[in-house]
Amino acid sequence: MKYIVLGLMILMLVSCSFFGGVKENSYYQLDYVPTPKEMLNESSYPYSVRIKDFDVSEAYRRNNIVYRQSPFQLRFYNYELWAVKPEYLVSDMLFRHLSAAKVFSDVRRSIDVEEPDFTISGTIRALEEYDNQDEWYSHLAMNMHLQENRTKRVLWSREWDYRKKVSNLETIYVVRGLSELLEYINNEAIADIDSVINSIAGNPKAKPLPATERIKDPVELEILPPPGEIE
């Protein structure tokens, strides 16, 4: 009997090789490089901040890239996967962007012995591909909060829910669109946070440009608030 089973297994492997082989996983990550013209300050404020790992809505707490064709049904790719879990992808990109923007003299990801002056946290509510027949969209919804650790007060909070139409019906273009949306959101968040910290420091500076003026090719971004369902 065991020889029959072994023979069937060999036959299955040979068949897979003959007819194109086993489909390989594809891994993706969010990525962009903050450019010098996006930097807000020539010098940093003398404060420290920690960026916590973002919370993630349960449906997106996975490596499978999520896609949907309706507000009521989620689907998960089997072979199109995030290289790192979404909570780390988003938090790490904010860390890179905030470090480059030079708002704080010390930007951290981990917990140290000395508590930082501020903490940034947030929740990813949607990170997905949204399909509508022959049109695909990148969809990113999230929020952020800035807390002063000494007083435990939330000094700033903001929500975003954006989508962007992608040019090609391939996952790589959806991920590129999500990266552009995240860059746009981080630009807006950092501009807001810079204003808050500026008021605390009592050292007024020139008001930073809004995100729409600092982001590259803003007209091409086509950011739209998503309706309940794409028409």
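Since every read-out is calculated from the coordinates, none of them should be taken as a lab result. All values reported here derive from a predicted model rather than from experimental measurement. Quick reminder, even Gly has a Cβ in these numbers, built from the backbone with ideal geometry, and neighbours come from all protein chains shown.
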Query raised in the report: Within the P(r) computed for the stretch 25-221, what percentage of the Cα pairs occupies the region above 20 Å?
Result: 56
**Report entry** Cross-link pairs Lys23/Lys165; Lys85/Lys164; Lys52/Lys152; Lys52/Lys85 - those with Cα-Cα distance over 26 Å
**Finding:** Lys23/Lys165
Query raised in the report: Among the GluC sites (Glu not before Pro) within the stretch 74-182, which fall in a DSSP loop and have no more than 10 other Cβ atoms within 10 Å of their own Cβ?
Result: Glu114
Requested in this report: For Ser199, put the label point 7 Å out on the Cα→Cβ axis and report which residues of the stretch 86-121 keep their amide N under 13 Å from it.
Outcome: none
Report task. Convert each backbone phi in the stretch 163-174 into a coupling constant with the Karplus relation 6.51 cos²θ - 1.76 cosθ + 1.60 (shift: θ = phi - 60°), then list the ³J(HN,Hα) values in order as whole Hz, x for Gly and Pro. Result -> 9, 9, 6, 9, 7, 9, 7, 9, 4, 4, 6, 5
